[in-house]
1. Starting from residues that are assigned to a helix (DSSP H, G or I) and under 17 Å from ALA119 (Cβ atoms), keep the ones in segment 26-74 and report whichever is nearest to the chain's Cα centre (by Cα).
2. State the number of residues belonging to segment 244-277 that are touching an Asp or Glu at 6+ places or on another chain (Cβ under 8 Å) and part of a loop (DSSP other than H, G, I, E, B).
3. From (1) in a helix (DSSP H, G or I); (2) surrounded by fewer than 21 Cβ atoms within 10 Å (Cβ to Cβ); (3) among the small types (Gly, Ala, Ser), pick out the condition that doesn't hold for GLY206.
4. Looking at GLY73, is it in contact (Cβ under 8 Å) with a residue 12 or more places away in the chain, more than 27 Å from SER33 (Cα to Cα), crowded, with 24+ Cβ neighbours inside 10 Å and small (Gly, Ala, Ser)?
5. Please specify each residue of segment 106-150 satisfying the condition of being within 19 Å of LEU94 (Cα to Cα) and free of Cβ contacts under 8 Å to residues at least 24 places away in the same chain.
6. Check whether at least one residue in segment 20-37 is out of contact with any Ser or Thr (no Cβ under 9 Å at 6 or more places or on another chain), of a type in the set (Gly, Ala, Ser) and either modelled with pLDDT of 90 or more or under 22 Å from LEU128 (Cα atoms) (or both), and report yes or no.
7. Can you work out which of the residues in segment 134-152 that are surrounded by fewer than 16 Cβ atoms within 10 Å (Cβ to Cβ) and either under 17 Å from LEU251 (Cα atoms) or touching a helix residue (DSSP H, G or I) at 6+ places or on another chain (Cβ under 7 Å) (or both) is modelled with the highest pLDDT?
8. Filter segment 75-92 down to the residues that are out of contact with any helix residue (DSSP H, G or I) (no Cβ under 7 Å at 6 or more places or on another chain) and in a helix (DSSP H, G or I), then identify the one that is nearest to VAL20 (Cα to Cα).
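The values are calculated or read from the model by the stated rules, or taken from the named source; none is laboratory data. Everything numeric in this text was worked out from a predicted model, so none of it was measured. Here Cβ is always computed from backbone atoms with ideal geometry, including for glycine, and neighbour counts include all displayed protein chains.
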Amino acid sequence: MGFSFDAGTENNVNIKVVGVGGGGGNAVNRMISSGIRGVDFIAVNTDKQALNYSAATIKMAVGEKLTKGLGAGSNPEIGRKAAEESAEDLKKVLESSNMVFITAGMGGGTGTGAAPIIAQIAKEMGILTVGIVTRPFAFEGKKRTDQATAGIMQLKEEVDALVTIPNERLKYVSEQKITLQNAFEVADSVLLQAVQSISELITVPGLINLDFADVSTIMRNAGYAHMGMGRASGKDKAEEAAKMAIQSPLLETSIAGARGVILNITGSPDIGLEEVEQAAAMVQTSAHPEAHIIFGAAIDENLEDEVKITVIATGFDDKPAMPKEPKAAVPSQEAAPQAQAQPAEQGDGQASQEPQAAQNEEEGRAATSKEEKDRAFEEILSIFNKQHRSF
């Protein structure tokens with residue numbers, strides 16, 4: 001496993017965020033209202049009326065001949081054809097970009113259909129292209145879920161790196177009741193943190209600087225990606241921030257098996273070397289044994305007794321590991337006796353005590369392992385709940 005220390009100073013990077021469809025447009029509006037700087041925002045939609053409510057600098061109606069500006073009617077094929085119709089205009093608004101984030105709520109018409117086409121155009125222009133999209137809630141129905149799955153598969157083929165956020169996991173990020181509006185704000189916070197952290201990695205001077213080439217090395221043609229950000233204070237702050245960054249309850253991914261990792265640690269002036277070592281060791285242990293880890297570090301006097309850690313992980317052999325959901329199904333009291341009463345099936349009709357005992361022992365070990373994993377996830381979830389509102 002190798003660590004690279006980069007002293008680059010490039011900070012003249014053009015980053016654009018393209019919100020596609022209704023969900024993507026809403027995400028862009030929330031990012032703009034958060035005050036993020038150094039990024040250009042573009043809203044793309046087939047619905048001209050929706051664009052009237054966009055705060056983006058560039059608002060682009062696609063497929064006007066096809067849709068008459070009235071939307072895609074939840075049909076991804078219409079969204080795809082609309083983007084193809086406006087391909088030349090899309091190229092113009094993407095010109096001079098070094099990096100493009102494409103965000104959309106998958107499952108509808110415009111976002112699902114147009115996002116892969118926009119990604120294809122951007123990547124063909126040599127732009128580092130990252131998709132950050134959401135999967136629909138279960139209550140939105142099978143058709144929308146199936147459309148989202150198909151759209152995500154198409155998008156993965158066109159982007160350099162893809163981050164997916166299942167809306168269904170939003171119920172696990174807070175102990176308090178989450179409103180529908182707040183749920184989408186929490187999902188959008190992943191996009192905000194990703195864009196903000198990458199922008200800061202490139203533009204904010206540090207003790208050990210990271211530049212755009214570092215980001216490109218890890219994310220170019222990377223497939224599925226994990227982007228995590230952790231922030232903590234007090235005792236064991238670096239370790240807690242690292243836990244949050246490497247396994248967010250919001251994402252479909254953890255960094256297990258990642259072969260490429262960017263690790264950036266920003267701390268108050270009193271951050272200790274031992275704390276940095278603890279955080280780096282945690283990331284190093286979680287990633288692939290031969291992972292290429294690019295390390296950056298910076299001091300921010302505004303953080304006081306805090307540590308902020310950003311982790312970008314790619315290079316998974318397949319789809320990266322999914323974090324465990326915090327609650328495991330527990331059989332009811334009525335079901336337990338019935339399960340115990342069921343005899344083990346034997347090929348010759350005879351009950352075999354020794355194989356059954358071995359099976360019980362194996363199941364006991366599996367249950368213990370599962371309990372340990374659940375406890376570990378609950379610890380991560382607890383840290384996330386305490387800190388995620390501070391970003």
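1. ALA27
2. Of the residues in segment 244-277, 5 are touching an Asp or Glu at 6+ places or on another chain (Cβ under 8 Å) and part of a loop (DSSP other than H, G, I, E, B).
3. The single condition GLY206 does not satisfy is (1).
4. For GLY73, the condition - in contact (Cβ under 8 Å) with a residue 12 or more places away in the chain, more than 27 Å from SER33 (Cα to Cα), crowded, with 24+ Cβ neighbours inside 10 Å and small (Gly, Ala, Ser) - is not met.
5. Hits for segment 106-150 are GLU124, GLY126.
6. yes
7. THR149
8. That would be ASP89.
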